[in-house]
1. Ranking request for peptides 291-298, 220-227, 133-140: highest mean number of other beta-carbon atoms within 10 Å first, then the rest in descending order.
2. Report the charge-dipole magnitude of segment 84-371 in Debye, nearest 20, computed about the Cα centre from +1 at each Lys and Arg Cβ and -1 at each Asp and Glu Cβ.
3. Hey, with R₀ at 41 Å, roughly what FRET efficiency would GLN276 and LEU156 work out to, going by the Cβ-Cβ distance, to 0.05?
4. Charges only on Cβ, +1 for Lys and Arg, -1 for Asp and Glu: so what's the dipole of segment 126-220 about the Cα centre, in debye to the nearest 20?
5. Which value in Å does the Kirkwood hydrodynamic radius of segment 136-192 take, with 1/r averaged over all unlike C-alpha pairs and then inverted?
6. Quick one: dipole size for segment 285-344, taken about the Cα centre, charges +1 on Lys/Arg Cβ and -1 on Asp/Glu Cβ, in debye to the nearest 20.
7. Could you tell me the distance between the Cα centroids of segment 271-333 and segment 162-177, to the nearest Å?
8. Segment 138-290: Rg/Rh from Cα coordinates, Kirkwood Rh?
Amino acid sequence: MKKADLFQSIRAAADKDLPDVFAKIDLDKIAIIPESEPIKKPRFVLQSVLVYSLSALIVFVGLFWAMTELSTDNLPNYTPLETEAEIIGYQTLSATTLLESLEPVDLSFSLLTSTTTPSEPLVASEIDTVNAYVNMLEITLGSENSMIYTLEESDLTQYQTMISFQGLGLAGETISYRFYYNATDESNERQIQGMISFMEHEYPASGAISLDDAALIRSTFRVMIDDDNYVEIDDTSTAESQQFAYRIYQGAALYNASQIKLNSSKNALRAEINYQFGGKNLSFQIEKNHSQNALSINYEITGDNSEAGAIDINVEYDEDSGIYRYRYQVKNSSGQSQGEYQGNRRNKNPNTSGNDDEDDEDDEGEGTTTTDPGTNPGPGPGTQNPSHGNFL
């Protein structure tokens with residue numbers, strides 16, 4: 001038998017022995033699973049990487065900016081004066097510079113340009129008063145880096161302690177001030193007796209500091225020209241707010257009383273002045289600009305008539321008289337000009353020209369002043385001063 005025939009005989013015998021089950025299989029009930037597609041691996045391309053990186057960078061920069069804007073340095077600080085030197089120094093320095101407004105010199109203002117409105121703004125009648133405070137705030141406000149109060153041992157044998165101050169005026173001059181004093185504790189108060197040296201003048205100063213933490217008035221200071229002309233200042237601060245009450249006496253009569261609140265933002269000291277006069281409530285928010293060479297005011301007046309606006313204050317050198325003056329540019333709440341005014345400015349440095357401590361005389365009805373250099377050295381302690389300029 002051939003080999004091929006043998007294989008065929010074996011296959012036939014095998015097929016005969018298989019069970020007959022094929023006919024019993026229901027092919028329609030057999031589920032056929034389709035072949036799944038292979039899983040694709042992720043592919044990273046340079047474009048996607050750049051997009052993700054840029055998005056992450058934008059988010060980071062945004063978070064950093066938000067944290068910077070909300071940092072404690074940029075949030076308003078309503079108790080900016082912290083040390084004993086700063087608190088006592090601010091009170092006595094501000095009182096001294098206000099006191100200079102009582103010396104015999106006219107601090108009145110003059111209108112430089114007429115307003116385009118039918119009548120002058122309400123604030124025009126207050127420029128005289130504001131001018132006195134501007135003379136003070138020019139020194140006591142500004143960048144904390146440009147104002148330094150130092151508490152140290154006195155260099156005068158008759159006094160125990162000295163507070164010195166170094167600052168800058170709007171004209172760039174260096175301002176120096178010293179408060180010499182002795183302190184004694186009596187009952188629940190610390191009594192202060194001393195002398196302030198400012199602009200080569202000397203002013204008697206006294207004060208009382210409460211040793212009671214719950215006291216509503218923490219301290220009171222008085223700086224004098226004489227018994228009838230002086231400035232008193234109360235520290236009425238709380239844990240949440242730093243504020244001071246000022247009373248200015250001229251000829252033994254109260255001429256002006258105000259409240260000044262202090263706060264700082266971005267390391268710059270600012271002030272809010274509030275007072276009442278002639279049935280009006282007046283509020284002025286004052287600060288120096290970043291360059292420390294100008295002041296800006298936002299003001300609001302309420303009462304029978306109301307007004308709000310802004311005032312830009314610069315110093316200008318008068319070539320004819322050889323002195324610096326304040327220039328007030330008044331704008332209403334819409335930013336429209338309401339006129340320009342000029343106010344006299346006290347000299348801030350005894351080594352520079354341009355002070356208003358000297359005798360003056362009015363130009364013809366214009367309210368400006370001329371200066372005769374070196375004729376008035378200023379009052380010493382206890383000097384009687386029978387004639388006083390127009391503070392209000």
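Read-outs throughout are calculated quantities, based only on the coordinates presented, and are distinct from any laboratory measurement. What you see is a predicted model, and the numbers here were worked out from it, not measured in a lab. Here the Cβ is made from the backbone with ideal geometry for all residues, glycine too, and neighbour counts use every protein chain on show.
1. For the peptides 291-298, 220-227, 133-140, the packing ranking is 133-140, 220-227, 291-298.
2. Roughly 1100 debye for segment 84-371.
3. Efficiency for this residue pair is about 0.50.
4. Dipole about the Cα centre, nearest 20: 20 debye.
5. One over the average 1/r among Cα pairs gives 13.0 Å for segment 136-192.
6. 160 debye
7. Computed from Cα coordinates, the inter-centre distance equals 22 Å.
8. 0.96
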